[in-house]
Each structure stands twice: as C-alpha cells, then as structure tokens.
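Everything below concerns the one structure shown next.
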Amino acid sequence: MSQDHRAAGSSSTVRIVHYAVVGLLIVGGLAYWAMKPPTANPMADPRAAEAMALVQTHRAKEAPTLRQALTDRVQAMQARGKGVRMGEWTVEKKRDDLYVVKVFVREEGSQGGGLRWFERDYEWQVDLAKQSVVPMSMPAEDLMPPGMAGPLLRGGGPAGL
C-alpha cells in the first residue's frame with residue numbers, strides 16, 4: 001500500500017469523524033431545546049406563561065405593575081451608582097393550578113468597609129384557579145399594595161406549599 005493511499009484513507013476517516021461530531025452536537029442541541037425544563041422555558045407551558053403574566057401585571061404598591069415596580073427599584077439603584085443586576089424571571093409548577101414565579105436582584109452593598117454582593121429573591125405563589133398572587137418572600141411582599149396579602153410568618157410561606 002502506498003503512502004498516498006494511506007493518507008487519503010486517513011483524511012476521509014477524519015472527515016467522517018468531524019461530520020459525526022457536528023451531527024451529534026446538532027442532535028443534542030435540538031433534543032435539549034425540545035425537552036428543556038419548564039423553568040428554562042416558561043412559554044412552553046401556557047399555564048406557566050399565564051402565571052408569570054399574572055405576577056408581572058399585578059398591581060404594585062408604588063407602580064402600576066409588579067414588573068414596573070421592580071424595574072424602577074433597579075433603575076433607582078443604578079442612578080445612585082450602585083451595582084445591580086436583575087436576573088431572569090422563572091416559573092415553576094408545584095401542582096395542578098399552583099405555580100411559583102421567581103426573580104432575583106443581585107445588589108452591591110458595603111459592610112465593614114468592604115464591597116459585598118447579595119441577592120434578594122422575589123417569589124410569588126400563583127393559584128390560577130383563584131387567579132391569586134401571594135408573596136412568598138419579604139422583598140416580594142414589600143412590592144405588594146397594603147391589604148393585598150397578609151404578612152408572611154417568619155420561616156413559613158403561604159399555606160398549600
């Protein structure tokens with residue numbers, strides 16, 4: 001067997017392996033996209049999208065909607081020169097008509113002369129059957145208008161979870 005013949009065979013084997021790897025990556029990406037969990041893609045479940053919409057458009061204490069109130073807080077911190085970053089809104093199904101909608105805000109703070117970062121978790125429980133939005137965290141409750149939800153008990157959340 002000549003050296004040219006071996007080189008040609010080796011080149012075609014490498015090409016086949018490259019095509020196989022690219023094909024596996026494409027198939028894997030498509031499989032992930034099709035089967036990703038609902039928290040990664042809330043719009044895959046129309047009920048999860050409805051739960052998120054109920055929270056985001058719910059009336060807030062100092063803004064027309066909870067989404068606007070949270071955006072206003074982030075922008076106010078940025079205007080004061082504070083580092084701040086709002087995370088992605090996520091939805092998690094707990095059971096039939098019960099969902100939890102979450103978003104976190106990472107804020108720059110200072111403690112003891114040093115720079116520290118901390119996160120505030122905003123969480124709401126949504127009951128689609130009752131069309132109710134109940135805060136599950138203190139920061140979320142702080143955005144809600146007075147009388148819209150009872151006070152949270154320390155260490156507990158709304159009943160039913």
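Read the figures in this text as sums done on the coordinates, not as results from a lab. None of the values given here were measured: they were computed from a predicted structure. Please note: Cβ atoms are built from the backbone with ideal geometry, for glycine as well, and neighbour counts cover all protein chains shown.
Calculate, in nm to one decimal, what MET77 and ASP97 gain on full extension: separation in residues at 0.36 nm each, minus their alpha carbon distance. Walk me through the numbers before you get to the answer.
On the way: separation 20, 0.36 × 20 = 7.20 nm, distance 3.54 nm.
This chain segment gains 3.7 nm when fully extended.
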Lysine pairs, Cα distance under 21 Å, 8 or more residues apart or cross-chain: how many in region 42-143?
6
Which ³J(HN,Hα) values in Hz, rounded to whole numbers, follow from the phi angles of region 71-76 under the Karplus curve 6.51 cos²θ - 1.76 cosθ + 1.60, where θ = phi - 60° and Gly and Pro get x?
4, 4, 4, 4, 5, 5
Find the centroid of the Cα atoms in region 128-148 and in region 68-112, then give the distance between the two in whole Å.
15 Å
Phi-derived 3J(HN,Hα) across region 19-32 with the Karplus relation (6.51, -1.76, 1.60, θ = phi - 60°), rounded Hz, x for Gly and Pro, is 4, 5, 5, 4, x, 5, 4, 5, 4, x, x, 5, 5, 4
At THR57 and ASP45, where each label point lies 7 Å from the Cα along Cα→Cβ, what is the point-to-point distance in nanometres?
2.0 nm
